[in-house]
Amino acid sequence: MEKQMNFIKNHRERRRQRLQRLYERHKQLRRLLKEHGGDILDSMNFQSTRKHIQHGTMTVHNHCMDVARYSLLLNKKLGLNCNKHDLIRGALLHDYFLYDWHDKAYLSQRQRLHGFHHPMTALRNAEKEYQLNDIQREIIKKHMWPLSVVPPVCREAWVVTAADKYCSFMETVGLHRGHGARAS
């Protein structure tokens, strides 16, 4: 009986430590997002992305936040030493197209080919509001590779592309659920 009690006690302690580590990691990711992308997170246009669904039930806002988080985690896990500032800003703005791509009635012919054209729309929108450097432009422009034909050339763009594919897949098959779009 004492062995079982010790096992349960040890199991609870390991679980508590694991949850504490997850909480600390989440807190650190939130701090990095705010530090490097606070102006984006606070902008009205970025907040408007809460109204549009990206994949499944995930909003564009939550999708971009997840892509930024997973980009940071992938960068750390693989030891790629990417520029965190560029990685976060590019990830937050990679889908900054600012329209509902599911609403066919209001889309132009060009927008109906959303997968091919939204990176350039996102880039134009981002450049109107933010001072982007070449790496951030590359991330936004090339994140849809291979649909964008020309592959990314910097590691930050590769990381965001990989994180975007992972998040999109998880959202589409329903393994990662969002909170749904909010009414305006």
Practice item. Name all residues of segment 61-94 having a backbone nitrogen under 12 Å from the label point set 7 Å from the Cα of R18 along its Cα→Cβ direction, giving them as ranges. Key: none
Check your understanding: In the neighborhood of L147, defined by Cβ-to-Cβ distances under 12 Å, what is the net charge if each Lys or Arg adds +1 and each Asp or Glu adds -1?
Key -> +2
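The numbers here are math on the coordinates, done by the rules we state, and not lab data. Please read these numbers as outputs of a predicted model, since none were measured by experiment. Reconstructed Cβ throughout: ideal geometry from the backbone, glycine too, with neighbour counts over all protein chains shown.
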